[in-house]
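S.K.: First the structure, which I've put down as structure tokens, then a few questions once you've had a look.
All of the numbers you see were taken from the coordinates with simple rules; none came from a lab. Just so it is clear, the model here is predicted, and its values are computed rather than measured. Cβ placement follows ideal geometry from the backbone for every residue including glycine, while neighbour counts extend to all protein chains displayed.
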């Protein structure tokens, strides 16, 4: 099983991800975790992402997608996953769908957290 938890910054994705992971026993993965891990290991993708982040730019979809793909290939095929904050663009969503299909997996659900506008 794979679930994506998405929503705007500050919507509480991290809090809800913790609850979902605790209840369902899913493996939690966020792009932030991937960036930090790649930077600690000084991988080429991690260093590339760091250049964008240092300038205050968004890391391009292609770099994020490559990090996700690299991580997924190392994950056991039967491991259930919660993607926290990914995908965040239509391009990433299409990429994830294809990637999961190639891995014999399926995105079972997408949970969108919405924060109401203050009046």
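S.K.: So for 30, 22, fewest C-beta neighbours within 10 Å to most, what's the order? Mind showing how you got there, number by number?
M.R.: Numbers: 30 17, 22 10.
Neighbour counts put them in this order, fewest first: 22, 30.
S.K.: Next question, about the same structure. Of 90, 26, 82, 47, how do they rank once you tally other Cβ atoms within 10 Å and put the fewest first? The partial results should precede the final answer.
M.R.: Working: 90 9, 26 18, 82 23, 47 12.
Ranking 90, 26, 82, 47 by Cβ neighbours within 10 Å, fewest first, gives 90, 47, 26, 82.
S.K.: Here's another thing I want to ask about it. What nm value, rounded to one decimal, do you get for the distance between residue 69 and residue 108 when each label is placed 7 Å out toward the C-beta?
M.R.: Inter-label distance under the simple model: 2.6 nm.
S.K.: Separate question: What percent do you get for the relative contact order of the stretch 2-112 when only Cα pairs under 8 Å and 6+ apart count? Mind dumping the intermediate values first?
M.R.: On the way: 126 pairs, mean separation 52.8, N = 111.
Answer for the stretch 2-112 is 48 percent.
S.K.: From the gyration tensor of the Cα coordinates in the stretch 26-77, what semi-axes in whole Å does the equivalent ellipsoid have, largest first, with each one equal to sqrt(5λ)?
M.R.: Working: eigenvalues 77, 23, 20 Å².
After diagonalising the Cα gyration tensor, the semi-axes are 20, 11, 10 Å.
S.K.: From the helices alone, meaning DSSP H stretches of at least four residues, give me the mean residue ellipticity at 222 nm for the chain, per-run term -39500 (n - 2.57), in deg cm²/dmol to the nearest 500.
M.R.: Numbers: 5 runs with 59 residues, N = 119.
Computed ellipticity for the chain at 222 nm equals -15500 deg cm²/dmol.
S.K.: Would you order 50, 98 from fewest to most other beta-carbon atoms within 10 Å of each residue's own beta-carbon?
M.R.: Numbers: 50 15, 98 11.
So the ranking, lowest neighbour count to highest, is 98, 50.
S.K.: For the chain, take the convex hull of the Cα atoms, compute a quarter of its surface area, and give me that in nm², please. Let's see the in-between values first.
M.R.: Details: hull surface 33.0 nm².
With every direction weighted equally, the projected area is 8.2 nm².
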